[in-house]
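Participant: Pasting a structure here, questions to come.
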Amino acid sequence: MHKLIYLCISAFICGSVLFASASHAQKRNARFDPDGSFWLHGEPPAEFSEISAINLNAKRLRRIPAPGLQVTDGINYRFKTLTVKRHNFTFTTVTLKGVSYSFSGRFLKGGNFAATALNDEVPVMEGTITRYAGGKKVAEAKLKFIYFGGT
């Protein structure tokens, strides 16, 4: 009888260790990866009506536009500086025709965005965008974005 109890306890402990190891491996494999496009959620303030998307295309996929801030007339403001962390997403863009942008925000969820079914009505990123003209701040607004991984 004692051997049976010992075997049951041993099997329980081994199963628990294996489950914990598998759970840890899943978390490690589901690392934070927001690569894709982030489209503006809702109507922007009038001073930012040109904002279309923020494209994080680190993998250089053809189905996603080049990395940078995309505006409605098709211009892509490439990133000059970029930090992509779960709670710290910031960038500045190059200056084109005297205009540049900066963004400071955060992602509202973690995980591998391309491998997750995300609702295109629920924002996954938010932050403050600032437009500069001639090196001077001319507009600032808080915006939210939804995820689009490409088709």
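Each reported figure results from applying straightforward, stated rules to the coordinates on display, with no laboratory input. Because the structure is a prediction, the values reported are computed rather than measured. Please note: Cβ atoms are built from the backbone with ideal geometry, for glycine as well, and neighbour counts cover all protein chains shown.
Participant: What residues have an amide H closer than 5 Å to that of LYS144, excluding those fewer than 5 places away on the same chain, when H is modeled at 1.01 Å from N in the peptide plane?
Facilitator: Placed amide hydrogens put HIS41 under 5 Å from LYS144.
Participant: Taking a 21 Å limit on the Cα-Cα distance, which of the listed pairs LYS59/LYS80; LYS97/LYS137; LYS85/LYS136 fall beyond it?
Facilitator: In this structure, LYS85/LYS136 exceed 21 Å between Cα atoms.
Participant: Would you mind ranking ASP73, ASP120 so that the residue whose beta carbon has the fewest other beta carbons within 10 Å leads the list?
Facilitator: ASP73, ASP120
Participant: With 10 angstrom as the radius, rank LYS144, LYS85, LYS136 by how many other C-beta atoms surround their C-beta, starting from the fewest.
Facilitator: LYS136, LYS85, LYS144
Participant: Quick one: compute a quarter of the convex hull surface over the Cα atoms of the stretch 36-148 and quote it in nm².
Facilitator: Hull-based average projected area comes out at 6.7 nm².
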